[in-house]
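Visitor: Please read through the structure below; I'll follow up with questions.
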């Protein structure tokens with residue numbers, strides 16, 4: 001694998017930012033790891049971070065680089081601060097950055113497939129929310145989307161009695177406007193979803209404070225008859241859980257071509 005920390009200027013943000021990228025590499029003599037590449041431009045997974053982290057966190061807390069080595073899969077991990085992947089009411093245009101500028105930059109910088117059947121999105125916590133929001137708002141861009149411990153009933157988080165989102169973070173992202181029923185509400189997006197939604201994967205630990213939010217999302221997705229894989233099993237809102245589950249997500253992804261070693 002090739003590991004790249006890419007510093008660049010984002011026009012939609014008006015500032016310099018960064019992303020961490022894993023690119024597939026075929027290797028035969030590397031001790032302890034065999035790398036593979038795809039037949040042609042590699043498929044790509046956009047892997048999104050949570051509220052307290054940045055683009056480096058998946059590499060620092062999980063074995064993601066080792067997990068993807070035999071798959072011939074590129075992984076793009078962008079940095080979006082505490083934005084909830086939204087065009088912030090009092091901040092910056094992170095939704096526009098994520099959904100428009102970032103893919104264009106990645107395809108310009110790196111040799112990646114541009115086909116929807118080769119494109120996936122996943123994330124944890126705030127990033128799980130971002131992954132579902134992106135897949136439901138633009139379903140024709142993805143072959144699959146996965147959420148690990150996602151904040152999938154975001155409207156319920158604003159004034160939650162035990163685990164609310166920090167009022168300053170919420171105000172920066174959404175101002176005083178209600179989120180329920182908008183394009184920033186995953187449950188509303190599910191309600192409006194057509195039949196062309198890509199396969200969805202929802203995992204959450206049963207001891208996680210976001211578990212009930214995930215149950216509500218799953219019930220709504222099932223009511224719509226959407227393609228859905230659910231993994232509710234013992235686990236907390238922590239990296240031991242996410243390290244194990246991202247490996248499960250990678251095994252679940254419908255990679256279009258088998259990697260070659």
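Results for (1) assigned to a helix (DSSP H, G or I); (2) more than 30 Å from residue 163 (Cβ to Cβ); (3) in contact (Cβ under 8 Å) with a residue 12 or more places away in the chain; (4) in contact with a strand residue (DSSP E or B) (Cβ under 8 Å, 6 or more places away or on another chain), shown as yes or no for each residue.
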residue	(1), (2), (3), (4)
68	yes, yes, yes, yes
76	no, no, yes, yes
83	no, no, yes, no
89	no, no, yes, no
127	yes, no, yes, yes
131	yes, no, yes, yes
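Visitor: Let me ask something additional. Take the conditions in contact with a helix residue (DSSP H, G or I) (Cβ under 6 Å, 6 or more places away or on another chain) and either modelled with pLDDT under 95 or under 19 Å from residue 138 (Cβ atoms) (or both) and apply them to residue 200. Does it pass? Working first, answer last.
Guide: On the way: in contact with a helix residue (DSSP H, G or I) (Cβ under 6 Å, 6 or more places away or on another chain): no; either modelled with pLDDT under 95 or under 19 Å from residue 138 (Cβ atoms) (or both): yes.
Considered against the rule, which asks whether it is in contact with a helix residue (DSSP H, G or I) (Cβ under 6 Å, 6 or more places away or on another chain) and either modelled with pLDDT under 95 or under 19 Å from residue 138 (Cβ atoms) (or both), residue 200 comes out as no.
Visitor: Within the group 115, 61, which residue is at pLDDT 95 or above, surrounded by fewer than 23 Cβ atoms within 10 Å (Cβ to Cβ) and in contact with a helix residue (DSSP H, G or I) (Cβ under 6 Å, 6 or more places away or on another chain)? It would help to see each step written out before you state the result.
Guide: Details: 115 fails: in contact with a helix residue (DSSP H, G or I) (Cβ under 6 Å, 6 or more places away or on another chain).
Going through 115, 61 in turn, the sole match is 61.
Visitor: Part of a loop (DSSP other than H, G, I, E, B), crowded, with 20+ Cβ neighbours inside 10 Å and within 19 Å of the chain's Cα centre (by Cα) - does that describe any residue in the stretch 234-250?
Guide: No, the stretch 234-250 has no match at all.
Visitor: I would also like to ask the following. Quick one: which residue in 146, 151 is part of a loop (DSSP other than H, G, I, E, B) and modelled with pLDDT of 95 or more?
Guide: Every option except 151 fails the conditions.
Visitor: Still on this model: Which pairs do you get when a residue that is modelled with pLDDT of 80 or more, found in the stretch 27-55, comes within reach of a residue that is exposed (fewer than 13 other Cβ atoms within 10 Å of the Cβ) and not in a loop (DSSP other than H, G, I, E, B), reach meaning Cβ atoms under 9 angstrom, with the pair 6+ apart or on two chains?
Guide: 36/260; 37/260; 53/60; 55/5
The values are calculated or read from the model by the stated rules, or taken from the named source; none is laboratory data. For clarity, every value in this text was computed on a predicted model and none was experimentally measured. When we count neighbours, we look across all protein chains shown, and the Cβ atoms used for this are built from the backbone with ideal geometry, even at glycine.
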